[in-house]
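> Let me give you the structure first, and then I'll get to my questions.
The values are calculated or read from the model by the stated rules, or taken from the named source; none is laboratory data. Source: prediction; values computed, not measured. Cβ sites come from the backbone with ideal geometry, for glycine too, and all protein chains shown count toward neighbours.
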Amino acid sequence: MKYPNITKARFIDRPNRFIAHVDNEGRTETVHVKNTGRCRELLVLGCDVWLTAPGTSGRKTRYDLVAVRKSNGLLVNIDSQAPNKAVMERLSGYGYDRVVPEYVYGNSRIDFYMEKDDERILMEVKGCTLERDGVGYFPDAPTERGVKHIRELIKAVRDGYRAVLAFVIQMEGITEVRPNVDTHPEFGEAWKDALQAGVEIIFYLCRVEADTLVITEKVTLPHFRTF
């Protein structure tokens, strides 16, 4: 997944979860933040950020903020739409008979439904942008929607599907994701229940550049690892 154009700027502040102010070559510019999570440890005064200009008509802002350099040097893609795009690119090379994005199952839209021979697969994708001491964590804010999706995957296993919870790690050098139980204990409980029910939890490792997010490797979490 590659952005067609990219501009470096410096972060000033974030008045709300949708917009931020940046210094773009000496001009203060209002930009759209493509992530509604907290990102508090990322978006700090003076940090380097990268913007892309989609060029679509009718926009209130010219730029989208899509990447940030963390204080420890990590370059983090924070575009919440990027993980699904990267996964779609990955799936397209695996010879599935059918791939359906935004598949309606139960009371949710699951990110991907795939078929191959007689196997039916449901995959929910989450992007990980929170890092602590070399480990990724999810979520960075309470997510009832995330818990709901895990419960749907547990039900899918019982209904005969192969169910996968996939985390796209939107930074390099991080090889695992753990449930952020300090922020959302219920998500951690749902994670444990999913492993016990037979839901696969996988981590997609990525190559991250200011204008690029590409999946390079898949790591599967052993079922005995519940943290």
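> So in the range 136-154, with the set limited to residues that are without any contact (Cβ under 8 Å) to a residue 60 or more places away in the chain and in contact with a Lys or Arg (Cβ under 6 Å, 6 or more places away or on another chain), which one is farthest from residue 112 (Cα to Cα)?
Here the residue is 137.
> So which residues in the range 182-205 are closer than 15 Å to residue 123 by Cβ and surrounded by fewer than 17 Cβ atoms within 10 Å (Cβ to Cβ), if there are any at all? Talk me through it step by step, then tell me what you get.
Initially, the range 182-205 is screened for residues closer than 15 Å to residue 123 by Cβ, giving 194, 198-204.
Those that are closer than 15 Å to residue 123 by Cβ and surrounded by fewer than 17 Cβ atoms within 10 Å (Cβ to Cβ): 198, 202.
So that you can scan it fast, the table gives a plain yes or no per residue for (1) in contact (Cβ under 8 Å) with a residue 40 or more places away in the chain; (2) outside the structural domain of residue 115 (by TED's automatic domain parsing); (3) more than 14 Å from the chain's Cα centre (by Cα):
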{"site": "26", "(1), (2), (3)": "no, yes, yes"}
{"site": "43", "(1), (2), (3)": "no, yes, yes"}
{"site": "86", "(1), (2), (3)": "yes, no, no"}
{"site": "89", "(1), (2), (3)": "yes, no, yes"}
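> Could you check, for the range 189-201, whether at least one of its residues is part of a loop (DSSP other than H, G, I, E, B) and β-branched (Val, Ile, Thr)?
Here is the first cut: in the range 189-201, the ones part of a loop (DSSP other than H, G, I, E, B) are 198-199.
Of the ones still in play, those that are also β-branched (Val, Ile, Thr) are 199.
Yes - at least one qualifying residue is present in the range 189-201.
> I need the full set of residues from the range 21-37 which are part of a loop (DSSP other than H, G, I, E, B) and crowded, with 17+ Cβ neighbours inside 10 Å, in order please.
Step one: filter the range 21-37 for residues part of a loop (DSSP other than H, G, I, E, B), giving 25-26, 34-37.
Those that are part of a loop (DSSP other than H, G, I, E, B) and crowded, with 17+ Cβ neighbours inside 10 Å: 34, 35, 37.
For every residue, the table says whether it meets (1) in a strand (DSSP E or B); (2) more than 21 Å from residue 160 (Cβ to Cβ); (3) out of contact with any Asp or Glu (no Cβ under 9 Å at 6 or more places or on another chain).
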site	(1), (2), (3)
79	no, yes, no
86	no, yes, yes
100	yes, no, no
103	yes, no, no
110	yes, no, no
114	yes, no, no
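> So, in the range 109-123, how many residues would count as being farther than 29 Å from residue 40 by Cα and surrounded by 14 or more Cβ atoms within 10 Å (Cβ to Cβ)?
Step one: of the range 109-123, the residues farther than 29 Å from residue 40 by Cα are 112-122.
Subset that is surrounded by 14 or more Cβ atoms within 10 Å (Cβ to Cβ): 112-114, 116, 120-122.
Residues in the range 109-123 being farther than 29 Å from residue 40 by Cα and surrounded by 14 or more Cβ atoms within 10 Å (Cβ to Cβ): 7 in total.
> Filter the range 48-77 down to residues that are closer than 24 Å to residue 202 by Cα and outside any strand (DSSP E or B), then give me how many there are.
The number of residues fulfilling the criteria is 1.
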